[in-house]
Amino acid sequence: MHSPLPTAAAIVDSMGDLRAQIAEMTAQYDAYKAHLVGMGAGAYDGERYRATVSESERETLDMVAVREKLSAQFIRAHTNVTPVTTVRVVARKLRAA
């Protein structure tokens with residue numbers, strides 16, 4: 001016998017709970033990461049994992065400046081359009097009873 005499919009409400013609430021857990025874990029991860037970065041470049045070993053802190057330079061293209069130099073027609077001709085589906089989950093503001 002098949003179990004019934006979850007309702008949209010159950011799915012949304014589960015997704016929201018997961019997003020909240022991810023946010024908490026991300027904050028903790030970012031704090032640990034900042035601490036390692038503060039310790040400087042190098043490799044750091046744990047019992048099960050190794051973390052490597054590396055320092056380098058990255059070149060990026062200033063797209064605002066590029067758009068100022070190129071025509072709107074050129075930009076349109078070289079712009080790729082792809083379909084996107086977005087799911088956004090946010091906490092609801094519940095009314096006091």
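Derivation of every value follows stated rules applied to the coordinates shown; laboratory data play no part. A quick note: this is a predicted structure, and the numbers were derived from the prediction, not measured. No Cβ is skipped: glycine too gets one built from the backbone with ideal geometry, and neighbour counts run over all protein chains shown.
Out of V37, V53, V87, any idea which swings most in a Gaussian network model of the chain, alpha carbons joined below 10 Å?
Judging by the Gaussian network model, the answer is V87.
For a quick check of your reading of the filter: which trypsin sites (Lys or Arg not before Pro) in the chain sit in a DSSP loop and have no more than 14 other Cβ atoms within 10 Å?
Loop-located and lightly packed - R48, R58, R88, R92, K93, R95.
Looking at the chain as a GNM with Cα springs under 10 Å, which of G46, G16, G38 has the largest mean-square fluctuation?
G46
Can you tell me the FRET efficiency between H35 and E59 if r is taken as the Cβ-Cβ distance and R0 is 22 Å, rounded to the nearest 0.05?
The pair H35/E59 has a calculated efficiency of 0.20.
Run lengths n ≥ 4 of DSSP H only: what is the helix-derived mean residue ellipticity at 222 nm for the chain, with -39500 (n - 2.57) per run over all residues, to the nearest 500?
Taken over the chain, the calculation gives -15000 deg cm²/dmol.
Given (i) 19, 16, 11; (ii) 36, 32, 16; (iii) 25, 16, 11, which label gives semi-axes √(5λ) of the Cα gyration tensor in Å as computed from the coordinates?
(ii)
Using a 10 angstrom cutoff on alpha carbons, build the Gaussian network for the chain and name the most mobile of A31, A72, A23.
With Cα springs under 10 Å in the chain, the top fluctuation among A31, A72, A23 is at A72.
Which whole-Hz ³J(HN,Hα) couplings does the stretch 51-64 yield from phi under the Karplus relation 6.51 cos²θ - 1.76 cosθ + 1.60, θ = phi - 60°, glycine and proline marked x?
Per residue, the Karplus-derived 3J(HN,Hα) values read 10, 10, 9, 10, 10, 7, 10, 10, 9, 10, 8, 6, 5, 5 Hz.
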